[in-house]
Amino acid sequence: MTFHEMWRDLAPLGRDTASGGYRRYAWTGADADCRAWFKQQADSRGLTYELDRNGNQWAWLGDPAAGDAVVTGSHLDSVPDGGAYDGPLGVVSSFAALDELRAREAVFSRPLAIVNFADEEGARFGLACVGSRLTAGQLTIEAAHRLTDGEGVTLPQAMEAAGYDPYGIGPDPERLARVGAFVELHVEQGRALDLTGDPVGIASAIWPHGRWRYDFRGEANHAGTTRIADRRDPMLTYAETVIAARREAELTGAVATFGKVSVEPNGVNAIPSLVRGWLDSRAADQETLDAVITGIEKAARAYADRHGVDLDVVRESFTPVVEFGHALRDELGAILRGEADRPVPVLGTGAGHDAGILSASIPTAMLFVRNPTGVSHSPAEFAAEDDCVAGVTALADVLEGLACR
Ligand code: HGY
Ligand code: MN
Ligand code: MN
């Protein structure tokens, strides 16, 4: 099955026809459809399919027990109304790159695997990279079991409803011990490659980043009869905090986004009792991120005091800075340099990835494919066909260089 045929079959799964975006949330029907697609791709290529204890899907060529495997892949889940490329481009390109290597009659000296990591976006339960964090021992079973979605469904309930055992999850050091290198291809979530004019780039680092939930509690009351002076309105404090977040980011070169909010009771003619806002913030280094987070919370607490609003801040997700190992990074550069007439650009990113999580356990690297719009986490996310092909060729070259010595 060609890249285009794989893309064509995957494209409609979990796509919202009204927005054109994807709603592939962990352990939902759309997730199950994507998982079935992955297994079908593995089976159709005669690969050995495995589902690991954390719900990550693996498709093996060669004997996994031989060790020192070269692994590639990404994720198939999405953010709400996400784009088509974030995650799926890496998975489809992995199968296409394997097909390319078979067409080249490459002889593998190491096992190869393609992976679909579970729940990378954390769109439903709020924590990014659940599948890879569990496997790498960066998320305890207890903390995972406490994860709850907006409907009050816990992760164990969701996994069980989808036919998975939530009591078998946990660290998987034996599996990671089989992996010698993990290379993730991903659509660029920015315009650096568009500006340099290159179809493919190599990742240098991932900014430290996290998610904080701000709970603003005020006093529910009548919107029409409560004097302004008598109000304890959490919406006002929330709004002032959103502006403070933007100000802190602008002052420090960081980014800060309140992209998700829930209001109780959420009535047009009622002053809210509770406003919950989720902050996503990232910066080039930990010190800057700490300063931004501290500054935003300090401002929020000052506003809350002024309006008689109570504030609780909970960190729901955090990923420290990732510097991809120079050895594998430079090996990719050397492999790709051989083909091109100039070095492949090496660039940092503010986006988190499973490769970032796994970099604490095994040698990892990333390839980026040009996104001329620079837009991501949106239906407008895009990569040109020629660049997707260039990505597959680059991934095939890298996998051949690493696994077919
Ligand atoms: O949020 C991120 O950076 C990634 O898309 N999970
Ligand atoms: Mn994403
Ligand atoms: Mn992604």
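The values are calculated or read from the model by the stated rules, or taken from the named source; none is laboratory data. As the structure is a prediction and not an experimental result, all values here were calculated from the model. A quick note on method: Cβ atoms are made from the backbone with ideal geometry, for glycine too, and the neighbour counts reach across all protein chains shown. Heavy atoms of the whole protein, side chains included, go into the accessibility calculation; ligands, DNA and RNA do not. Shrake-Rupley method; radii C 1.70, N 1.55, O 1.52, S 1.80 Å.
Some observations on this one:
- Exposure of residue 142 as accessible area (Å², to 10), given a probe of 1.4 Å and all protein chains: 120
- Of interest is the spacing of the C-alpha centroids, which for region 350-367 and region 238-303 amounts to 27 Å.
- For residue 170, distant residues with modelled amide H under 5 Å away: none
- Accessible-area order (highest first, 1.4 angstrom probe) of the listed residues 219, 250: 250, 219
- Cut-off 13 Å, label 7 Å out along Cα→Cβ of residue 264, residues of region 199-242 by amide N: 215-220
- Pairwise label distance in nanometres, residue 44 with residue 194, each label 7 Å out on the Cα-Cβ vector: 3.1
- Cα gyration tensor, region 210-319 - rounded (a/c under 1.5), prolate or oblate: prolate
- Label-to-label distance, nm, for residues given as residue 36 and residue 109 (7 Å Cα→Cβ offset): 4.2
- Accessible surface, per residue, of the chain when the full set of protein chains is kept, probe 1.4 Å, Å²: 41
- The distance separating the Cα centre of region 159-177 from that of region 211-232 comes to 42 Å.
- Only protein heavy atoms count here; under a 1.4 Å probe, residue 278 has an accessible surface of about 50 Å².
- Beta bridge orientation in the chain: antiparallel %, DSSP, nearest 5: 70
- Solvent-accessible area of residue 235 with every protein chain in place, 1.4 Å probe, in Å² to the nearest 10: 70
- Viscosity 1.567 mPa s, temperature 4 °C, Stokes-Einstein D of the chain from Kirkwood C-alpha radius, µm²/s: 58
- Share of carbon and sulfur in the accessible area of region 210-319 stands at 51%, probe radius 1.4 Å.
- For 317, 361, 204, the ranking by accessible surface with the largest value first comes to 361, 204, 317, using a 1.4 Å probe.
- Positive-pole candidate from 296, 265, 309, dipole of region 210-319, charges at beta carbon: 265
- Extended-chain gain in nm, criterion 0.36 nm per residue less alpha-carbon gap, residue 161 and residue 141: 5.4 nm
- Using only side-chain charges placed at the Cβ, +1 for Lys and Arg and -1 for Asp and Glu, the dipole size of region 210-319 relative to its Cα centre rounds to 240 debye.
- Under 5 Å between amide hydrogens, built in the peptide plane, is the criterion, and for residue 347 it picks out 202, 203, 204 among residues at least 5 positions away or on other chains.
- The magnitude of the dipole of the chain, with charges of +1 and -1 set on the Cβ of Lys/Arg and Asp/Glu and taken from the Cα centre, is near 660 debye.
- Largest to smallest in accessible area, the residues 8, 133 fall in the order 8, 133 (1.4 Å probe, all protein chains included).
- Placing unit charges on the Cβ atoms of the charged side chains and taking the dipole of the chain about its Cα centre, the candidate lying farthest along the positive direction among 283, 54, 252 is 252.
- The separation of region 59-138 from region 1-41, counted between C-alpha centres, amounts to 15 Å.
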